[in-house]
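Undergrad: Just passing along the structure, written as structure tokens.
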Amino acid sequence: MKISILTYGSAGDVVPYVSLALGLMDRGHDITLAAPQNFESLVKKYNINYSPLFGDIDQILQTDDAKVLLTAGDVKTITKKFAEIRYTNRHALNRDLLTAATGAELIISGTLTLLQSATISEKLNIPIIVANVNPTSASTKKFPHFFISSKVLPFGFLNRYTFNLFFKTNQKAYTADLSEWRNSLGLPANKSIVYNQLRKLKTPYLFGYSPNLLPKPNDWGTNIAVSGVWKLEAKYLPAETSSNDLADWLAAGSTPIYFGFGSMPVTNPEEVARMVNEICAELGVRAVLNAGWSKFENRENNLTDTVFFIKHTNLEWLFPQCSIIVHHGGVGTAHISAESGTPTIICSIFADNPLWGERLETLKIGKHIKFKELTKVKLIAAIKALQNEEIKKRAKATAEHVKAENGLKSALDFIEANLKNAVIYNEN
């Protein structure tokens, strides 16, 4: 089948769909992956048919204004800001999304393309499957939408309400864009909340996170699956997974604590580096500090260093060699840390980060601290709390369950089982 995967955002919103695309290609499907322009080389590296989408979210995230908004955790302002950026770029992005889907027999929509994908499905008469790496687009009474609250609310109807609030607020932010575009396509303005209408149509929903970390709610039907993460198959992984310098440093001393904040921008990298050094001095431990895409000061590493600075490495290789993992809580990193069996501290910055911080804390295999409230005292207290044999045993047991999942295979099986069940979006 000819399938177009439409996804938008930063690395966490794109990389999992590369795995999904390769898996579908291996099963004989003709795949086009549409993603932002800055991911062209990544997609083409795997010989996936690439369709560019205008814009570069990572470039936006690295602006000073975005850093301040993200670290402050101001969801309302961030949503409004990104809606403004989306509106400014609406013509080019809508054009590219429509081009990517033209000629397809099925659309698989990521999180940030869902409203546009529904419009394209309706215009081009193409069935749609929703595939998200986080529980963003299907309401439930079991837990709240993470953009509204990271903690489970006391009554089921309140949890469900947070989803409806998010759906309504998010669609309202894009109403001008959608109405203008739909009018140009000869379609009437949306009269329904698209998320609710997709659910009403029993659209197949696929969620790419671990059911062992967040079980599938019992109020989700058979058209909704929680598959586990979509990881690259071994044959697509590079042969070299780490630097010799890092491996030598790990072997030269005690098991370190890992500190990293992934693709999220950090406004005060020097302060973070200083805090890590002070923690190491006070606790008598070593640390690996992963700069990610943040602008930490470059420096040379030596075997005798207490703190080893890195930019990129294979986290699946590194995490099991650490005593505690500290990171921002993106869905990908959260699952790698859970699978490593290493107790984890999530210093949440934005979006799904608090969700995974609360989940690891609820499972008693981690701690959650909001990045904007992070202090050396809180971090040291969390580290000491996780230096507990029961927590370590529980983390190891959870890891075995997560490792037993085959999220990619489950996802591919679900998609193929629902090829005939996928419906064309409509509001009738």
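Undergrad: Among (1) closer than 20 Å to SER51 by Cα; (2) under 21 Å from the mean Cα position of the chain (by Cα); (3) of a type outside the set (Lys, Arg), where does SER121 come up short?
TA: (2)
Undergrad: Is it the case that the stretch 364-373 has a residue that's within 27 Å of CYS280 (Cα to Cα), touching a Cys at 6+ places or on another chain (Cβ under 7 Å) and crowded, with 22+ Cβ neighbours inside 10 Å?
TA: Yes, the stretch 364-373 has at least one match.
Undergrad: Scan the stretch 373-392 and tell me whether some residue there is under 24 Å from the mean Cα position of the chain (by Cα) and at pLDDT below 95.
TA: Checked against the condition, which is being under 24 Å from the mean Cα position of the chain (by Cα) and at pLDDT below 95, the stretch 373-392 yields at least one hit.
Undergrad: Condition test on ALA399, is it touching a Pro at 6+ places or on another chain (Cβ under 9 Å) and either outside the structural domain of TYR205 (by TED's automatic domain parsing) or not in a helix (DSSP H, G or I) (or both)? First the steps, then the outcome.
TA: On the way: touching a Pro at 6+ places or on another chain (Cβ under 9 Å): yes; either outside the structural domain of TYR205 (by TED's automatic domain parsing) or not in a helix (DSSP H, G or I) (or both): yes.
Considered against the rule, which asks whether it is touching a Pro at 6+ places or on another chain (Cβ under 9 Å) and either outside the structural domain of TYR205 (by TED's automatic domain parsing) or not in a helix (DSSP H, G or I) (or both), ALA399 comes out as yes.
Undergrad: Confirm whether LYS393 is surrounded by fewer than 16 Cβ atoms within 10 Å (Cβ to Cβ) and in contact (Cβ under 8 Å) with a residue 40 or more places away in the chain.
TA: The answer is no for LYS393.
Undergrad: So is LYS168 within 30 Å of GLU358 (Cα to Cα), in the same structural domain as ASN212 (by TED's automatic domain parsing) and out of contact with any Asp or Glu (no Cβ under 6 Å at 6 or more places or on another chain) or not? Break it down stepwise before answering.
TA: Numbers: within 30 Å of GLU358 (Cα to Cα): yes; in the same structural domain as ASN212 (by TED's automatic domain parsing): yes; out of contact with any Asp or Glu (no Cβ under 6 Å at 6 or more places or on another chain): yes.
Considered against the rule, which asks whether it is within 30 Å of GLU358 (Cα to Cα), in the same structural domain as ASN212 (by TED's automatic domain parsing) and out of contact with any Asp or Glu (no Cβ under 6 Å at 6 or more places or on another chain), LYS168 comes out as yes.
Undergrad: ASN164: under 22 Å from the mean Cα position of the chain (by Cα), part of a helix (DSSP H, G or I) and surrounded by fewer than 17 Cβ atoms within 10 Å (Cβ to Cβ), yes or no?
TA: yes
Undergrad: Take the residues of the stretch 206-257 that are within 30 Å of LYS409 (Cβ to Cβ) and aromatic (Phe, Trp, Tyr): which is surrounded by the fewest Cβ atoms within 10 Å (Cβ to Cβ)? Full working, then the answer.
TA: Filtering the stretch 206-257 for residues within 30 Å of LYS409 (Cβ to Cβ) gives 206-242.
Okay, now just the ones that are also aromatic (Phe, Trp, Tyr), so 207, 209, 220, 230, 236.
Details: PHE207: 26, TYR209: 26, TRP220: 18, TRP230: 26, TYR236: 14.
Going through the qualifying residues, I end up with TYR236.
Undergrad: Inside the stretch 1-22, can you point out the residues that are at pLDDT below 95 and on the phi < 0 side of the Ramachandran plot?
TA: If the condition is that a residue be at pLDDT below 95 and on the phi < 0 side of the Ramachandran plot, then TYR8, SER10, ALA11, GLY12, ASP13, VAL14, VAL15 are the ones that fit.
Undergrad: Keeping to the stretch 410-428, report how many residues are out of contact with any Asp or Glu (no Cβ under 9 Å at 6 or more places or on another chain), in contact (Cβ under 8 Å) with a residue 60 or more places away in the chain and part of a helix (DSSP H, G or I).
TA: Looking only at that region, the number is 5.
Undergrad: Now a separate question. Does the stretch 127-149 include one or more residues that are surrounded by fewer than 22 Cβ atoms within 10 Å (Cβ to Cβ) and over 30 Å from ASP413 (Cα atoms)?
TA: Yes, the stretch 127-149 contains at least one residue that is surrounded by fewer than 22 Cβ atoms within 10 Å (Cβ to Cβ) and over 30 Å from ASP413 (Cα atoms).
Undergrad: Criterion first (among the small types (Gly, Ala, Ser), over 22 Å from LYS200 (Cβ atoms) and in a loop (DSSP other than H, G, I, E, B)) does SER149 satisfy it?
TA: Judged against the criteria, SER149 is a match.
The values are calculated or read from the model by the stated rules, or taken from the named source; none is laboratory data. These figures come from a predicted structure and were not determined experimentally. Don't worry about glycine lacking a Cβ; one is built from the backbone with ideal geometry, like all the others, and counts go over all protein chains shown.
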